[in-house]
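Okay, so here's the structure we're looking at.
The values are calculated or read from the model by the stated rules, or taken from the named source; none is laboratory data. Please read all numbers here as calculations on a predicted model, not as lab measurements. Cβ placement follows ideal geometry from the backbone for every residue including glycine, while neighbour counts extend to all protein chains displayed. The protein model used for the area step is the full one, side chains on, heavy atoms only, and it has no ligands, DNA or RNA in it. Shrake-Rupley method; radii C 1.70, N 1.55, O 1.52, S 1.80 Å.
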Amino acid sequence: MMNRFNYFFMFVLTLFLSGCVTKTVKEGAFQKAQWETKALIKNQKENKTQSLSIDIFAIKNERARFEITALLGFQVASVVMSPTEISYAVYPQKTFFYGRNTERAFANVIGMPLHPMNLANIAFDEPVRGPGWKCGLDPAGLIYQCENIAKQTRVEWLDRKEGQKKVVITAPQFEMQWLFEAPKTEVQFKSELFTLRQPQGFKAIQLN
């Protein structure tokens with residue numbers, strides 16, 4: 001009788017733990033999350049390579065904040081955005097940008113031909129959106145590639161494992177290798193997190 005009880009207990013425990021793992025690591029099955037990521041960006045036009053840490057706080061399709069730092073924690077930029085508006089501070093330049101969120105809005109930080117909200121879409125395993133983009137799903141139903149032939153730009157999701165993943169973004173004279181840790185999905189964001197004000201002493205530039 002005791003052996004049967006032990007087997008039943010272990011069976012139930014196994015099912016419970018399996019359910020917890022599935023809930024935690026299933027890509028895209030959450031509405032808000034926080035990621036710790038690292039990116040290696042190659043700008044072939046300027047012959048520059050930069051390693052960055054990018055912390056992401058995002059609500060799917062609504063709001064996102066990116067905190068970008070270089071080696072030794074040197075602060076590079078803070079970015080807050082919605083699908084229609086964006087503001088960001090570039091600390092080395094002491095410049096604050098604000099205005100409409102368009103494909104050109106992020107050129108001063110990274111210089112990729114991608115609407116900034118698509119960076120949040122990539123984190124959530126959502127399709128890259130915009131004219132000319134076509135995406136494909138793998139046999140498990142997860143997005144694995146988006147491509148814009150006219151812009152010669154491609155996004156690939158690689159090496160998924162327990163919520164971790166590698167994303168590679170390639171464009172003419174540009175490549176970004178982006179490594180994601182498993183997301184934290186049990187998060188509560190304060191509303192002020194998605195507000196960014198012009199730092200004192202920074203030049204303000206309005207984006208059109």
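Filtered by the rule that a residue be hydroxyl-bearing (Ser, Thr, Tyr) and surrounded by 18 or more Cβ atoms within 10 Å (Cβ to Cβ), the stretch 128-182 gives a lone residue, Thr153. Counting only strands (runs of 3 or more DSSP E) wholly contained in the stretch 94-207, the ones carrying 3 or more residues that are charged (D, E, K, R) and free of Cβ contacts under 8 Å to residues at least 60 places away in the same chain occupy 153-161. Looking for something open to solvent by less than 100 Å² (accessible area, probe 1.4 Å), modelled with pLDDT of 55 or more, under 29 Å from Pro183 (Cβ atoms) and part of a loop (DSSP other than H, G, I, E, B) - is there at least one such residue anywhere in the stretch 18-35? Checked against the condition, which is being open to solvent by less than 100 Å² (accessible area, probe 1.4 Å), modelled with pLDDT of 55 or more, under 29 Å from Pro183 (Cβ atoms) and part of a loop (DSSP other than H, G, I, E, B), the stretch 18-35 yields at least one hit.
One line per residue, one yes/no per condition, for (1) surrounded by fewer than 18 Cβ atoms within 10 Å (Cβ to Cβ); (2) among the charged types (D, E, K, R); (3) at pLDDT 95 or above:
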site	(1), (2), (3)
Leu71	yes, no, no
Met81	no, no, yes
Glu85	yes, yes, yes
Arg100	yes, yes, no
Asn108	yes, no, no
Pro116	no, no, no
Ala123	no, no, yes
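When residues in the stretch 36-58 are screened for being within 14 Å of Glu126 (Cα to Cα) and either over 11 Å from the mean Cα position of the chain (by Cα) or surrounded by fewer than 15 Cβ atoms within 10 Å (Cβ to Cβ) (or both), 0 of them pass.
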